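*Asks:* Take a look at the following structure, please.
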Amino acid sequence: MLYREAGQFKSTYGQDQQIFPILQDRVAMIALLLVAFVAVPIFGDQYWLSAIITPFLILSLAALGLNILTGYAGQLSLGTAAFMAVGAFMAYNAMLRIPHIPVLGAFAIGGLSAAAVGIVFGLPSLRIKGLYLAVATLACQFFVLWLINRVGWFSNHSSSGVITAQRMVILGYEFVSPASKYLLTLGVVTAMALAAKNLMRSETGRAFMAVRDMDVAAAVVGIPMMRTKLLAFAISSFYCGVAGALYAFCYLGTVEPEAFVLDLSFRVLFMIIIGGVGSILGSFLGAAFITLFPILLNFVSKGLESALGVEMNHAMVSNTEAIIFGGLIIFFLIVEPNGLARMWQIAKEKLRLWPFPH
Amino acid sequence: MYALVALGFVLIYKASGVFNFAQGSMVFFAALTFVSLLERGWNFWLALAVTLAVMVVLGMLTERIVLRPLINQPPITLLMATIGLTFVLEGLSQLVFGSQPHGLELGIADVPIEWLSEKWNISISQFDLFAALIAGLLVAVLAVLFQKTRIGRALRAVADDHQAALAVGIPLQHIWTIVWAVAGCVALVAGMMWGVRNGVQYALTFTALKALPVLILGGFESIAGAIVGGLIIGASEKLAEVYIGPMVGGGIESWFAYVVALLFLLVRPEGLFGEKHIDRV
């Protein structure tokens, strides 16, 4: 009985098309945003803000980007980390070379360059799909990282390849403390998530889904295949690029190619599998799960250590983590192929009826 | 060499329509098991037999635990499941056998054959020749298995359509168990060959990623394609490193194969020997 929709009537088209048509959902969402914007920065401690919540938000954004491409438009990509790297390095270069550019402008340039790269590597998607496409994006992953490593222009000819990110200043306010970085990230992520949600409800989003479900059929009913697919690649890469810039500037504080290896691509892919393919909420749930789970596991292993009095070495812990991690992915796929987002939906359905069986 | 790894991929793809991302870690796992047994002073053949048994059991377990509950799921789900399997295998093998690199010696020296280099001035490593022989042998055996036997026919039926195969009475479980076990054996052979060349270490799993462009060149469904693709990729990669590499600053070996595959895809999306699919609405 937590959900009571009785008595909520929709009398205009506007009401019918709201993102959250039910009052409780709206209230919950506003409360959540309030907590995120006000309570978390005030009460959260430094470590949690800088090492857990900020990367969680950034990775959510990357997962969102991949979800647009894989979940909505049905194009499997393993090049997420490469797009993120493009975003990070181009944002760095924009700040370096264009005087007086605002930080958000630099992030946007990072995103746009990533989108351009995305379009180039999305071209093969016009002829191939599925696994073949995965390999094509894998090429992107290796090629982009090699290029960034090789061409000195990207890293401003720094000898070590690791560059410190510039200071971020907006309207004279400098973002240094974890809380302010968190708020910057949160602002960007919220705005972009809202944009993604609305985009997916629009004609473009429906075209993406038609292509995902069956591209031949979509082409037959008159959806321009080339434009739709490339647009999906561009938008997705833009999201990943911005996420990459945030990752470098707000989380790592350095810009380096090593942060964007293939492993990161896989992690983002796991986020959308576990969270739910083709769902905005799922991107966030998946990112939360993947960032929080290792911490939980670490906690448990520490507890076990003290309880049993055995010393566990680092390699053992990380290997066990990998096993449990892989096992969980398989488990999720078997139990609920549609991910956490679907579980949340089922839970909501149950709560509507509770405590009655029907 | 790449061909050997690619063979395992083709095998599973051909027989179950699943793209087995875990093949690389299976190679790693097999090689590591084998090496560790040898290092504990086991006899060569005994270690080989035990490792084979382990790989077969592994294949059976995979089928039982991972694949059976996922019958009739879209291929992408199955692919993700094998990625999960990759993590489990990598973690497991390093947990059990430790993560330091091992050397492996099969008793065949990696030196050029003398009379060849004297006579025609070509140097072919004795070991490479041996690896090529093994690969050829495996292909021959597998080709016979696929084309001539009952099991082979059943395998191809399963790959075409799970449900239809079940409907005409093909025991899907058994077939998959067999395929995964065979793929495990191929993984062992590949792992041994690579292990001799580069040592048995974590980097083996990356080698497996290199098998992807091989597959693309050769076509996912073709065993012969895997061999030809392996040769093309292996050769072009090395040649590119030598001739184009210095022009752009070297290090292109890491991505050249993928770009070759990518360009190839634009011209012929189904690979050299792949089957052409026609989409119907």
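Since every read-out is calculated from the coordinates, none of them should be taken as a lab result. A quick note: this is a predicted structure, and the numbers were derived from the prediction, not measured. Every residue, glycine among them, receives a Cβ derived from its backbone with ideal geometry; neighbour counts consider all protein chains shown.
*Asks:* Quote to one decimal, in nm, the extra length available between residue A:195 and residue A:336 on full extension: 0.36 nm per residue of separation minus the C-alpha distance between them.
*Replies:* Numbers: separation 141, 0.36 × 141 = 50.76 nm, distance 2.77 nm.
48.0 nm is the gain from fully extending residue A:195 to residue A:336.
*Asks:* Also: Enumerate by residue number the chymotrypsin sites (Phe, Trp or Tyr not before Pro) in region A:1-70 meeting two conditions: DSSP loop (anything except H, G, I, E, B), and at most 16 other Cβ atoms within 10 Å of the site's Cβ.
*Replies:* Passing sites in region A:1-70 are A:3, A:9.
*Asks:* Kirkwood Rh over alpha-carbon pairs of chain A, then Stokes-Einstein at 25 °C and 0.890 mPa s: what D in µm² s⁻¹, rounded to an integer?
*Replies:* Working: Rh = 21.7 Å.
In µm²/s, the coefficient rounds to 113.
*Asks:* Here's a follow-up. Local charge sum around residue B:173 (other residues, Cβ-Cβ under 13 Å, Lys/Arg +1, Asp/Glu -1)?
*Replies:* +1
*Asks:* Next question. How big is the charge dipole of chain A about its Cα centre, in debye rounded to the nearest 20, if each Lys and Arg gets +1 on its Cβ and each Asp and Glu gets -1 on its Cβ? Numbers along the way, then the final one.
*Replies:* Details: 21 positive and 16 negative charges, 169 e Å.
Charge dipole, chain A, about its Cα centre: 820 debye, nearest 20.
*Asks:* Please identify the DSSP H helices in chain A that span no less than 24 Å along the helix axis (Cα) and have a mean Kyte-Doolittle hydropathy of 0.0 or more.
*Replies:* Those that pass (Cα extent of 24 Å or more, hydropathy at least 0.0) are A:80-97, A:103-122, A:131-150, A:178-200, A:225-246, A:280-308, A:314-335.
*Asks:* Given H placed on each backbone N at 1.01 Å, which residues far from residue A:254 in sequence or on other chains put an amide H within less than 5 Å of it?
*Replies:* A:165
*Asks:* If you keep only loop residues by DSSP, which trypsin sites (Lys or Arg not before Pro) in region A:89-135 have at most 14 other Cβ atoms within 10 Å of their Cβ?
*Replies:* Qualifying residues, ordered by number: A:127.
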